[in-house]
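Engineer: Next up is a structure, given as structure tokens.
The values are calculated or read from the model by the stated rules, or taken from the named source; none is laboratory data. Everything numeric here is computed off the predicted structure, so don't read it as measured data. A quick note on method: Cβ atoms are made from the backbone with ideal geometry, for glycine too, and the neighbour counts reach across all protein chains shown.
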Amino acid sequence: MATSAYGVRRMRGVIRPFRDRSDAGRRLATELRSYEDRPEVIVLALPRGGVPVGFEVSSALHAPLDAFVVRKLGVPWQEELAMGAIATSKSGTIRVVDQDILRVSRVTEAQLEQATATERTELARREHLYRGNRPFPELAEKTVILVDDGLATGSTMRAAVAALRQEKPGRIVVAVPVAALETCNALRDIADEIVCAETPEHFAAVGQWYENFSPTTDEEVHELLEKARTPTASTSY
């Protein structure tokens with residue numbers, strides 16, 4: 001393994017696909033061993049797919065786990081193309097917009113606002129579903145390891161980091177099992193460290209690097225978050 005500039009860790013040689021998100025989380029955790037058993041560390045996972053990854057990371061590091069909900073803002077006629085994202089924290093909702101995508105796709109301000117309103121509703125629903133009445137965790141001076149199952153454009157992660165900065169953590173570490181190298185490098189200006197366990201040369205989509213990339217359900221997210229809060233949480237899920 002080689003470490004490039006800006007804290008991006010890059011694996012060299014043939015990349016072995018992950019069996020599933022749990023396998024990805026265990027492999028990612030080996031890249032984060034320096035954070036093991038440190039009381040100031042907390043793992044925040046982006047639902048839904050990032051939670052099984054984050055569960056394995058938090059278990060390996062013996063760190064608490066919570067969800068951090070972020071919603072992609074898709075171009076209305078091409079939903080998979082992110083024109084931005086929104087995230088929420090104790091300080092309110094943060095929106096990050098990709099002006100280049102807006103310009104090229106010719107998305108109007110009204111269309112952007114409509115997409116934001118729709119996703120804000122879903123954001124609130126998921127916050128309530130995953131957290132219930134539990135308060136948002138205290139992050140001041142903490143080392144936050146922000147986990148997802150992979151990065152393509154990085155728009156949702158960028159929104160997540162921007163929102164978390166409002167909570168004044170001591171350090172934000174973005175950690176993913178697989179990503180486009182250019183996306184990892186592009187995030188170096190907002191995160192304190194980027195850990196991309198695998199950065200394939202020919203990266204097209206996150207799912208291509210998983211043998212099983214079936215959708216994670218709300219029930220699975222809730223179950224893993226509850227399991228992480230018990231003293232017997234383990235990586236056997």
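Engineer: Looking at the range 133-144, can you tell me whether even one residue there is under 12 Å from the mean Cα position of the chain (by Cα), crowded, with 16+ Cβ neighbours inside 10 Å, under 27 Å from Ser22 (Cα atoms) and in contact (Cβ under 8 Å) with a residue 24 or more places away in the chain?
Structural biologist: First, pick out the residues of the range 133-144 that are under 12 Å from the mean Cα position of the chain (by Cα): 144.
Still in the running and crowded, with 16+ Cβ neighbours inside 10 Å: 144.
Next, from what is left, pick out any that are under 27 Å from Ser22 (Cα atoms): 144.
Checking the rest, the ones that are also in contact (Cβ under 8 Å) with a residue 24 or more places away in the chain come to 144.
Yes: one or more hits.
Engineer: Then there's this: Answer with yes or no whether Glu211 is under 20 Å from Ser89 (Cβ atoms) and in contact (Cβ under 8 Å) with a residue 60 or more places away in the chain.
Structural biologist: Values: under 20 Å from Ser89 (Cβ atoms): no; in contact (Cβ under 8 Å) with a residue 60 or more places away in the chain: yes.
No: the conditions fail for Glu211.
Engineer: Do we find that Ala117 is farther than 24 Å from Lys227 by Cα and within 13 Å of the chain's Cα centre (by Cα) in this structure? Walk me through it before giving the result.
Structural biologist: Working: farther than 24 Å from Lys227 by Cα: yes; within 13 Å of the chain's Cα centre (by Cα): no.
For Ala117, the condition - farther than 24 Å from Lys227 by Cα and within 13 Å of the chain's Cα centre (by Cα) - is not met.
Engineer: Name the residues in the range 88-110 that are touching a residue at least 24 places away in the same chain (Cβ under 8 Å), out of contact with any Phe, Trp or Tyr (no Cβ under 7 Å at 6 or more places or on another chain) and not in a helix (DSSP H, G or I), would you? It would help to see each step written out before you state the result.
Structural biologist: Quick first cut of the range 88-110, residues touching a residue at least 24 places away in the same chain (Cβ under 8 Å) only: 88-98, 101, 105, 107.
Going one step further and asking which of them are out of contact with any Phe, Trp or Tyr (no Cβ under 7 Å at 6 or more places or on another chain), we end up with 88, 91-98, 101, 105, 107.
Passing the criteria: Thr88, Ser91, Gly92, Thr93, Ile94, Arg95, Val96, Val97, Asp98, Val107.
Engineer: Please work out which residue is farthest from Glu119 (Cα to Cα), limiting yourself to the range 68-100 and to residues that are of a type in the set (Gly, Ala, Ser) and surrounded by fewer than 24 Cβ atoms within 10 Å (Cβ to Cβ). Reasoning before the result, please.
Structural biologist: Going residue by residue through the range 68-100, those that are of a type in the set (Gly, Ala, Ser) are 74, 82, 84-85, 87, 89, 91-92.
From the residues that got through so far, the ones that are surrounded by fewer than 24 Cβ atoms within 10 Å (Cβ to Cβ) too are 74, 82, 89, 91-92.
Details: Gly74: 10, Ala82: 12, Ser89: 15, Ser91: 18, Gly92: 15 Å.
The qualifying residue farthest from Glu119 (Cα to Cα) is Ser91.
Rundown of residues vs (1) touching a Ser or Thr at 6+ places or on another chain (Cβ under 8 Å); (2) part of a helix (DSSP H, G or I); (3) modelled with pLDDT of 95 or more; (4) within 20 Å of Val97 (Cβ to Cβ), yes/no style:
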position: Arg126; (1), (2), (3), (4): no, yes, no, no
position: Leu129; (1), (2), (3), (4): no, yes, no, no
position: Arg134; (1), (2), (3), (4): no, no, no, no
position: Glu138; (1), (2), (3), (4): no, no, no, no
position: Pro169; (1), (2), (3), (4): yes, no, yes, no
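Engineer: Also, quick follow-up: Checking the condition of a type outside the set (Val, Ile, Thr), farther than 30 Å from Asn133 by Cβ and at pLDDT below 95, which residue from Leu28, Leu81 passes? It would help to see each step written out before you state the result.
Structural biologist: Details: Leu28 fails: at pLDDT below 95.
Answer to the selection: Leu81.
Engineer: Separate question: Scan the range 140-156 residue by residue and report those that are modelled with pLDDT of 90 or more and either assigned to a helix (DSSP H, G or I) or touching a helix residue (DSSP H, G or I) at 6+ places or on another chain (Cβ under 9 Å) (or both). Walk me through how you get there before you give the answer.
Structural biologist: Applying the first criterion (modelled with pLDDT of 90 or more) to the range 140-156 yields 140-151.
Listed by number, the residues that qualify are Thr143, Val144, Ile145, Leu146, Val147, Asp148, Asp149, Gly150, Leu151.
Engineer: Name every residue in the range 171-187 that is assigned to a strand (DSSP E or B) and of a type in the set (A, V, I, L, M, F, W, C), in order of residue number.
Structural biologist: Let us first name the residues in the range 171-187 that are assigned to a strand (DSSP E or B), namely 171-179.
Scanning the range 171-187 gives Ile172, Val173, Val174, Ala175, Val176, Val178, Ala179.
Engineer: With respect to Arg171, is the statement that it is of a type in the set (D, E, K, R) and either free of Cβ contacts under 8 Å to residues at least 12 places away in the same chain or in contact with a His (Cβ under 7 Å, 6 or more places away or on another chain) (or both) true?
Structural biologist: no
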